[in-house]
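Just below is one structure, and these are the notes that go with it.
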Amino acid sequence: MSKDEWVEESDKGQCSGFGLTRRDTLKSGAAIVAVSLSTQGPNSAEAAADRAAPLPVTPQYPLLVRTTVNGEMVEVEIDTRTSVLDLLRERLGLTGAKKGCDHGQCGACTVHVDGRRVASCLTLAAKVEGGEVVTIEGLSDGDNLHPMQQAFIDHDALQCGYCTPGQIMAAVACVVEGNATSRERIREYMSGNICRCGAYAGIVAAIEDAASKMGRG
Amino acid sequence: MNTASFPDRARVDARDKVLGATVYPGDVPVARILHAMTVPSRIAKGTLTALDTSAAMRVPGVVRVLTPDDFPSPAPVSEDGPPPPPPTLEWRIAYRGQPIALVVAETLEAAIEGAEAVRPSYAPEPFAALIDSEDSERDPGEDVVFGNAEVALSSAATTVEATYVSPTQHHNPIELLVTTAVWEDGRLTIYECTQSSAGTRGATARALRLDPAIVDVKSAYIGGGFGQKGGIGQRQTALVAQAAMLLGRPVKIVMPRGQIFHLATYRPHSRHHVRLGADANGKMTAAVYDAEQEQSRHGFFPCAEYHESTCRLYGIENYRGTAADIRIDRQPPGWMRAPHPQAACFAFESAVDELAHKLGRDPVTLRLANDSRIDHRTGNPYSSRFVNECLEEGARRFGWSRRTPEPGSMTASDGTQIGWGVACGAYPSMMVPAIATLRIGADGSTRYAVSGHEMGQGIRTAIAAVLLEGLEIDPDRLEIVIGDTTAAPQHITAGSWGTAGAIPATAKAVARMREAMRELLAGREIAGNLHRQLSTVRRPFLQIEVSEVGPGQGPEALQALRRGAYAVAGPEYPNFTTMSYIAHFVEVHIEPRTRRVRVPRVVSIADCGRVISPRTAASQVRGGVVWALSAALREATEIDPRYGGYLNNDLADYVVAVNADIREIDVGFIDRPDPLANSTGLKGLGEVAMVGASPAIANAIFHATGKRLRELPIRIEHLL
Amino acid sequence: MRPFSYIRPTTAEEAVNAFADAEAGARFIAGGTTLYDLMKLNIERPTHLIDVTAIGGLATIDTSGDRLRFGALAPMSAVAADPVVAGDYPVLAEALWKAASQQLRNMATVGGNLLQRTRCMYFRNGVDGVYPCNKREPGSGCAAIGGLDRGQAVLGASGSCNAVSPGDWPVALTAMDASVEIVGPAGQRRVPIAELYRLPGDTPHIEFSLAPGELITVIEVPRETLEAGTARGSTYHKIRDRESYAFALASAAVVLEIEDDQVIRARIALGGVATRPWRATEAEAVLAGQRLTPERAIEAGRAAFRTAQPGRHNRFKLELGARTVADALLIAAERSRS
């Protein structure tokens, strides 16, 4: 699927093509404003910006970023140096994405930006201006787990769980991209997510299982 | 003893983990938090003569730079007291990467920029970075001797002799070292990914001269430990705690991986000279094994333990083992998954394979013929030992009988060389004391607090399995509190003794609770689960406390536990020895030209006594096999002796196995309870899972190619 | 990391002008997978970042004409998955999907990837003088020469630097005789891919023949020079220390044109072994007009390394590289038959 198609879906108010629905998953941190799009128009974010708590210290190069996180409009002032991962974890209270290397070498920080999986540690927060970010917190529909989440439980595709949010976000993308068509292909396209506990066999089994339930694969 | 098998049960904390809702220490929400960053030393040895922090303090957002002057002098060390805590900040530099300052700032970005702006001055000194470096210092450890190995070796019909080498390796759990310290109302609370919350409390209190009673440590979930987060304590803890106390605000550090390589422990590079002798029937009669390892100047990772497993793999009656530290100027090495047996059994099980080849014997048959009921080191019997059963079941599942013995004889038509290898592993099965509190509420809640740390091995799931097997309680409202010094006395969780510590205590708690319920109900028959029963008799809750110690341990073990001290029993118990065992069967494929080694399938059968949590246990074994494959074919930390420090200090250049490296791993268990080791019949598993799989790979490579490779990791250049 | 200003212009002209207006320390940033990474290591220290990813029209993939045209901002993953690229030009698709991970390929652009900097560990480590590095601190020396050089180059090294050019995609483009379109303060120009990369010589810190403020906009791959108009008989073969998500120890991009079992033309480029994407003309010469046998394939591979100069720990790359070329040739030949 091309990027253009994602954008089109986004414009229709769909979070992504992954069968996700927008939910109020964003936890409010001290320095952010989260506005539910279902109750307020997009312009209200500007008004809400007045209520945003400032950064604890004004950096040399501050930047106002407006983006959508798990379906919620977020407007937040950042230091230009901030990564998407640090924005999520340290400013927005979304700690599902994990820091394992901070250099794009482990995959624990994987989130979706505009429908594609990326390493959030190596993505400047400035770059998600106007974009749509989906994290592990935005994957399930309330208490109903995404089929990939359920499959990870069923196949014990995790141990310590630290790489798991990144694995699952990568795995969902792997299926949607059409790269979950064989065990070999899954292994290749999941190799950007290191599981030091060594749950790889379970991860591959879980993706095969979920792919059939997601209607792709 | 109840010997029934436990049913398959999902991992109890898996739901939170797949939701990203599990709170690791770096995820704990704390208001007004400050971010800290360490400044690593750029010299490998010498003195820090000055620290210019003025530029760092000018960075907007930096609130303080801590230097050695901000810390008390090192705590005095007493002979029979606990090991010294990790040093704080010091003017003396003992290794490259040693933290020399801590920058604390309002934002992470400012802390990082501030740390880069600190300007140190040094007086460097010559240093030894490798065991072959000029200033290295040999320090012999204790010998392990029984029988007369030299005499037996000289009269052996067949002998083999070789030297094997294992590299420096780093644990690299995906979670970084994370500490959050909160100083509030005269109490210091530390959230840290530690395998030893009580040890962290004690070490921090000693380093900062605090009363341990005012320090709480919480380590509810660890994002992978593998020994890195236990052992001798983490050096950043006291730094961050001191910063929090000086500044009166919570402080968090998430240490960059490059720095972790330089400051955390690691598996030391080691060399192993092995001589084996066998009689004409293939009975192994003698082993002489000399081990040496790299060691820091004052490190205490014990070299003699290379013999713990190798002297008990087979019924060898004459054994002489020596061990030595080679002291150099690096940070201390430590316990990394299957600490000594990984390297020792790579050497020993490779040597056994060489012996089998020289004898013309099948390597499985040779091993089967060398079983023993007796631990010749102590003369005591093994409490249980099913290593031959592991070999037999593994050989059956693997299809070993179809193997042709000649090296290179299984080459495929496209030139791919195929090899089948086998090796065994053993690991001491140890036990630690535990004090547990179980409280069942009429409101449907159950709270169970015990010693233990969850790092993915599944200890919560194993505990839940025992509680839910024995008590009719609501599983959804079962809270298992571990790794928390405020909830129960905590022992370090390592050495595969986690379940052996927590599970017998849990079984005892279940029995005590049932008894307490019987007393409470006094013969009344009340329908429903325990919560319902309590509610019916108008009892808000029922709480019991139990304690358990290992065989041969008494009340002093419980006192040690309460102090946060080390209180391990085994593997030598008063009248018996207890070891866990495993047999690994490995198939390798080696490309005809570019010589990449693939491992399409592994069969691993473990004897860990009674299996408490089948699903997580199987995952543990698969993980151990992945570790062994990664250790055998991928991982080595590189040190340029001219500079010290670690060159490949990230996950791009320190190459661990990725998904595409791993194919089928078939895991089985003997699942027969050990009758003596503890009341539940279990033995340790997490470490033994890895032991022996690396030599099985090396042995398979020999079978595929005829080439005996005695140094890990085995890489492409060794097979061209 | 030093503070930096950040802007995101929407036209190439705006970007080029912004660069010209900025003081020293301006850098273009696209996916950021190299630049931001090196900034985190305090090796790159830009003071102004000009994010080029919002520039319109530079992410298109056009496979309709005589030349394949890839907008510099097209993500690596998108080009790899393009049906024409994947079907007719396996050397290009494989060079892309065997690089990094899908996450990084979604971020990295095909233009930015051309400018990826070396992965030499001595370069990446030891800011502030722990390891001397002429690339990082010109004139400071090279710790890799005579050091732990297992990963270093055996072709194209100088006495100043033996750092390997890390890319895969540039190697495939080198085999395909690609070129890049560049805009800059002095207007537009076109540079053959072979001329984009410099040998280290005495100035290893100057890696690319781009002037300050120049921006790659389009990558062009000719197909009119290919007999069939496609490169189905091609492959990018990559050997590394693990099966995936690792840089090459040795790689070979091979494009074969075979008729009646005879090699009409072989184009071969090497990765993982040289200081720049390396066209192996000596190996190509061995094959021209010959029947491709396994023996001939290894002979061609060895010819590629005839002038190689190994260090202490990387001598194996000569043999591994030769065999990688041989395997790549046989894979490409197999594909050209089917």
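The value given for chain B is a Kirkwood hydrodynamic radius of 26.7 Å, derived from the mean inverse Cα-Cα separation. Couplings 3J(HN,Hα) for segment B:91-103, derived from phi with the Karplus relation 6.51 cos²θ - 1.76 cosθ + 1.60 (θ = phi - 60°), are 6, 7, 10, 9, 7, 5, x, 4, x, 10, 7, 10, 9 Hz, where x marks Gly and Pro. Give me the distance between the Cα centres of segment B:407-450 and segment B:161-193, rounded to whole Å. Rounded to whole Å, the Cα centres lie 21 Å apart. From the alpha carbon centroid of segment B:601-678 to that of segment A:143-172 is 21 Å.
Using C-alpha pairs below 8 Å separated by at least 6 residues, the relative contact order for chain B is 17 percent. Once C-alpha pairs closer than 8 Å and six or more residues apart are averaged by separation and normalised to the residue number of segment B:283-345, the relative contact order reads 48 percent. Radius of gyration (Cα atoms) of the protein assembly as shown, expressed as a multiple of 2.2 N^0.38 Å: 0.91. Pairwise Cα distances in segment B:431-563 exceed 28 Å for 18 percent of all pairs.
Among DSSP beta bridges lying fully in chain B, give the percent that are antiparallel, nearest 5. All intermediate terms of the calculation are to be shown ahead of the outcome.
Details: 93 of 123 bridges.
So the antiparallel bridges amount to about 75 percent of the total.
With q set to 0.25, 0.26, 0.27 Å⁻¹, the log10 of I(q)/I(0) for segment C:118-172, from the Debye formula over equal scatterers at the Cα positions, is -0.97, -1.04, -1.10.
Of the two radii for segment B:539-670, the radius of gyration is 1.13 times the Kirkwood radius, both from the alpha carbons; that is the Rg over Rh value.
When the charge dipole of segment C:5-54 is built from unit charges on Cβ atoms (+1 for Lys and Arg, -1 for Asp and Glu) and taken about the Cα centre, the candidate among C:38, C:54, C:22 whose Cα reaches farthest toward its positive end is C:38. The equivalent ellipsoid of segment B:358-398 has semi-axes of 23, 15, 5 Å, largest first, where each one is the square root of 5 times an eigenvalue of the Cα gyration tensor. Of all DSSP beta bridges confined to segment C:1-85, the antiparallel ones make up roughly 20%.
Each residue in B:591, C:284, C:227 was given a count of other beta-carbon atoms within 10 angstrom of its own, and listing them fewest first yields C:227, B:591, C:284.
Over segment B:659-709, what portion of Cα pair distances is larger than 15 Å, expressed as a whole percent? Write out the running numbers ahead of the final one.
Working: 859 of 1275 pairs.
Of the Cα pairs, 67 percent sit more than 15 Å apart.
Based on the alpha-carbon gyration tensor of segment C:5-54 and its eigenvalue square roots a ≥ b ≥ c, which shape applies: rounded if a/c is under 1.5, prolate if not and a/b is larger than b/c, or oblate? Verdict is oblate for segment C:5-54. Excluding same-chain neighbours fewer than eight residues apart, the lysines reachable from residue B:358 by a Cα-Cα span under 26 Å are B:283, B:707.
If you take the Cα atoms of segment C:234-332, find Rg, then find the Kirkwood Rh from the mean of 1/r over all pairs, what is Rg/Rh?
Numbers: Rg = 12.8 Å, Rh = 13.2 Å.
That ratio is 0.97, to two decimals.
Which of the DSSP-defined H helices in chain B satisfy a minimum axial length of 27 Å, computed from C-alpha atoms, and a minimum mean Kyte-Doolittle hydropathy of -0.5?
B:339-359, B:498-521, B:614-633
Over segment B:458-520, what per residue volume does the convex hull of the Cα atoms give, in whole Å³?
That works out to 98 Å³ per residue.
Cα gyration tensor of segment B:317-472, axes a ≥ b ≥ c as square roots of the eigenvalues: rounded (a/c below 1.5), prolate (a/b > b/c) or oblate? Prolate is the answer for segment B:317-472, as a/c is 1.5 or above and a/b outweighs b/c. Packing here is the average count of other Cβ atoms within 10 Å per residue, and on that basis the peptides B:25-35, B:110-120, B:241-251, highest first, run B:110-120, B:241-251, B:25-35. Selection among B:499, C:145, B:299 by position relative to the dipole of the protein assembly as shown gives B:499 as farthest towards the positive end (Cβ unit charges, Cα centre).
In terms of distances greater than 22 angstrom between alpha carbons, the cross-link table entries A:99/C:40; A:98/C:135; A:127/B:17; A:127/A:213 yield A:98/C:135; A:127/B:17; A:127/A:213. Projecting the Cα positions of B:428, B:558, B:463 onto the charge dipole of chain B (unit charges on Cβ atoms of Lys, Arg, Asp and Glu, taken about the Cα centre) puts B:463 furthest along the positive direction. By other beta-carbon atoms within 10 Å, ranking A:135, C:34 with the fewest at the front produces C:34, A:135. Listed by chain and number, the lysines whose C-alpha is less than 17 Å from the C-alpha of residue C:317, apart from same-chain residues fewer than 8 away, are C:238.
Can you compute the charge dipole magnitude of the protein assembly as shown about its Cα centre, using +1 on each Lys and Arg Cβ and -1 on each Asp and Glu Cβ, nothing else charged? Give it in debye, rounded to the nearest 20. Before the final figure, lay out the partial values.
On the way: 132 positive and 147 negative charges, 214 e Å.
Roughly 1020 debye, rounded to the nearest 20.
Centroid-to-centroid, using Cα positions, segment C:9-87 and segment A:177-217 are 30 Å apart. Residues B:288, B:450, B:165, ranked from the fewest to the most other C-beta atoms within 10 Å, line up as B:165, B:288, B:450.
What is the dipole size for segment C:130-287, taken about its Cα centre, with +1 at each Lys and Arg Cβ and -1 at each Asp and Glu Cβ, in debye to the nearest 20?
Numbers: 15 positive and 20 negative charges, 107 e Å.
Value, rounded to 20: 520 debye.
Bridge orientation summary for the protein assembly as shown: considering DSSP beta bridges with both residues in this region, about 80 percent are antiparallel. Estimated from helical segments only, the mean residue ellipticity of the protein assembly as shown at 222 nm is -7500 deg cm²/dmol, where each DSSP H run of four or more residues counts as -39500 (n - 2.57).
If I take every Cα pair under 8 Å that is 6 or more residues apart in segment C:102-240, average their sequence separation and divide by the length, what percent do I get for the relative contact order? Please list the in-between numbers first.
Details: 188 pairs, mean separation 30.8, N = 139.
Rounded, it is 22 percent for segment C:102-240.
No lab work stands behind these numbers, since they all come straight from the coordinates. All values derive from a computational prediction rather than experimental measurement. Cβ sites come from the backbone with ideal geometry, for glycine too, and all protein chains shown count toward neighbours.
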